[in-house]
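A short write-up of the structure that comes next.
The values are calculated or read from the model by the stated rules, or taken from the named source; none is laboratory data. Predicted model only: the values in this text are computed from it and were never measured. Because the Cβ atoms are built from the backbone with ideal geometry, glycine has one as well, and the counts that use them run over all protein chains shown. Side chains included, ligands, DNA and RNA excluded: accessible areas come from the protein's heavy atoms. Shrake-Rupley method; radii C 1.70, N 1.55, O 1.52, S 1.80 Å.
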Amino acid sequence: MAIPVKWVFKVKRDADGNVSDRFKARHVAKGFKQREGIDFDEVYAPVGKFSTLRTLIAKVTAEDMELHQLDVKTAFLNGYLEEDLWIEQPPGYEEGGPDMACHLKKSLYGLKQAPRAWHARLHEELDKIGFKASQADPGLYISKGLKAYLLIYVDDILIASKNMRNVKRIKDLLQQAFDARDLGEASYFLGISITRDRGSKTTKLSLERMTKEIVETYGLTDGKTKGVPLSPSIKLAKEEGDMLDKEAYPYSQLVGSLMYLAVTTRPDISYAVGALARFMSCPTTTHWQAAKGVVRYLAGTTSYGIIYSGESVEFTGYSDADYAGDIDTRRSTTGYVFIMNGGAISWQSKRQPTVAASTSEAEYMAAAAAVKEGLWLRKLLADLDIPTGTISIMADNQSAIKLLRNPISSIRSKHIDVVHHFAREQVMRKEVAFYYVKTQDMVADVLTKAVPEVTHKRCCDGMGLST
């Protein structure tokens with residue numbers, strides 16, 4: 001059966017949101033018509049993690065490396081298909097009657113296996129020129145010979161190297177294999193603005209354009225701003241307020257837009273966005289007003305971004321938890337953040353999977369999550385030739401630290417799920433070390449609950465967030 005197709009038209013915009021001189025017409029397959037097991041099998045294709053991007057930027061800043069970018073044109077058309085596929089003729093270009101179809105030799109946009117086919121082809125070409133995929137992140141490629149790193153996100157490629165000649169050599173090799181545009185020094189990647197000041201050895205990652213678009217979309221450009229994304233006095237619950245008319249008020253669309261900010265360059269809104277996302281299926285007027293409150297906060301902080309400095313190379317983690325903060329389930333919230341070269345490279349704000357019986361247990365579970373991320377980051381840093389010893393993680397609960405450092409089995413700890421005791425094992429092996437820090441110095445506090453403005457500002461400063 002021939003797979004139906006269609007034309008897709010798009011106007012391309014530059015980093016400032018202005019219409020460029022590029023207008024795209026793309027012939028795509030209607031992949032939703034494909035039959036699993038017949039038209040496709042495996043579809044997974046890796047892309048670089050945002051944590052890897054931020055860590056690479058921190059390294060580039062500290063070592064004053066060259067950072068350039070390539071964009072592969074019509075990337076998916078380069079992939080080779082393993083399946084025998086037929087598609088209908090392009091609309092407006094039919095020949096030979098309705099029974100005629102096109103036999104695909106290469107991949108096409110819209111096919112479910114197109115991303116996988118493209119990645120397989122790219123991986124093959126990179127292997128030829130000496131690049132090997134990182135064990136920590138398959139979207140990161142490393143060449144010991146060329147002393148360079150490539151971060152791949154579908155058809156966007158970041159190139160980092162200390163030697164400009166190596167950068168040019170890599171560009172030439174990739175442009176021989178693919179039709180790629182040389183975008184020069186990286187300044188705009190996945191919507192993220194990369195602003196470098198090589199004189200002062202700083203790099204800023206921000207989503208200022210997208211933030212302004214969100215503020216404008218919801219009519220709050222000239223509205224009153226807020227000092228925090230979510231007020232500590234607001235307690236969000238399922239049945240708080242009247243049911244929201246989702247057709248008149250695009251709650252899911254707003255929270256979805258905020259999510260991209262929260263996972264890329266704005267850890268300061270992570271807790272608020274995570275809390276609002278719990279009510280996607282049944283939002284109320286109270287939830288809508290709280291979401292608009294996050295936009296009001298963004299209106300006053302549109303230029304906020306994470307700033308990495310070349311002056312400090314310290315790698316530190318912070319782990320925290322808010323005990324029983326979710327009113328509906330009484331589950332606690334885990335928050336952790338890892339900071340390198342003065343800026344956050346990885347963070348999480350997530351409701352815990354089970355109810356904790358005490359503050360110590362909640363902090364212990366949060367520590368387990370932080371340990372897992374810390375060990376992964378150490379593996380990534382090793383691939384990036386950044387030496388790390390024992391990972392230092394700060395916590396503000398003495399009882400949880402004692403549980404982590406000692407094989408204590410008491411009425412307070414014997415019921416804790418064995419999966420969380422993984423953290424204790426890593427502490428005993430000296431893979432990680434936990435240290436006490438006062439609550440007023442806990443940077444991850446903003447990731448576990450709504451906090452006052454003074455505390456919020458202090459946490460933002462600790463994570464390298466600034467204008």
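For this structure, a couple of remarks:
- Residue list for the range 445-455, restricted to those being surrounded by fewer than 22 Cβ atoms within 10 Å (Cβ to Cβ) and under 20 Å from residue 276 (Cα atoms): 449, 451, 452, 453
- Residue-level check: of (1) surrounded by 15 or more Cβ atoms within 10 Å (Cβ to Cβ); (2) in a loop (DSSP other than H, G, I, E, B), residue 210 misses just (2).
- Of all residues in the range 88-138 being assigned to a strand (DSSP E or B) and at pLDDT 95 or above, the one that is most open to solvent (accessible area, probe 1.4 Å): 132
- Close pairs (6 angstrom Cβ cut-off, 6 or more residues apart or separate chains): more than 30 Å from residue 386 (Cβ to Cβ) in the range 338-358, crowded, with 22+ Cβ neighbours inside 10 Å and not β-branched (Val, Ile, Thr) anywhere: 352/332; 352/365; 356/332; 356/362
- Taking the range 247-263 as the range and being among the polar types (S, T, N, Q) and buried (at least 16 other Cβ atoms within 10 Å of the Cβ) as the test, only 257 passes.
- Flag for residue 286 being over 26 Å from residue 458 (Cβ atoms), in contact (Cβ under 8 Å) with a residue 24 or more places away in the chain, in contact with a Gly (Cβ under 6 Å, 6 or more places away or on another chain) and open to solvent by 30 Å² or more (accessible area, probe 1.4 Å): yes
- Odd one out for residue 268 among (1) open to solvent by 10 Å² or more (accessible area, probe 1.4 Å); (2) of a type in the set (D, E, K, R); (3) touching a Leu at 6+ places or on another chain (Cβ under 7 Å): (1)
- For the range 45-87, taking the residues that are of a type in the set (Ser, Thr, Tyr) and open to solvent by less than 70 Å² (accessible area, probe 1.4 Å), the one that is nearest to residue 26 (Cα to Cα) is identified as 74.
- Selected residue [under 24 Å from residue 331 (Cβ atoms) and charged (D, E, K, R)] from 226, 238: 238
- Scope the range 374-403; condition over 18 Å from residue 56 (Cα atoms) and in a helix (DSSP H, G or I); matching residues: 398, 399, 400, 401, 402, 403
- Taking every residue in the range 208-219 that is among the aromatic types (Phe, Trp, Tyr) and pairing it with any residue that is open to solvent by less than 40 Å² (accessible area, probe 1.4 Å), at least 6 positions away or on another chain, the pairs with Cβ-Cβ distances below 6 Å are 218/295.
- Complete set of residues in the range 227-246 that are surrounded by 20 or more Cβ atoms within 10 Å (Cβ to Cβ) and either out of contact with any Ser or Thr (no Cβ under 8 Å at 6 or more places or on another chain) or of a type in the set (Ser, Thr, Tyr) (or both): 228, 229, 230
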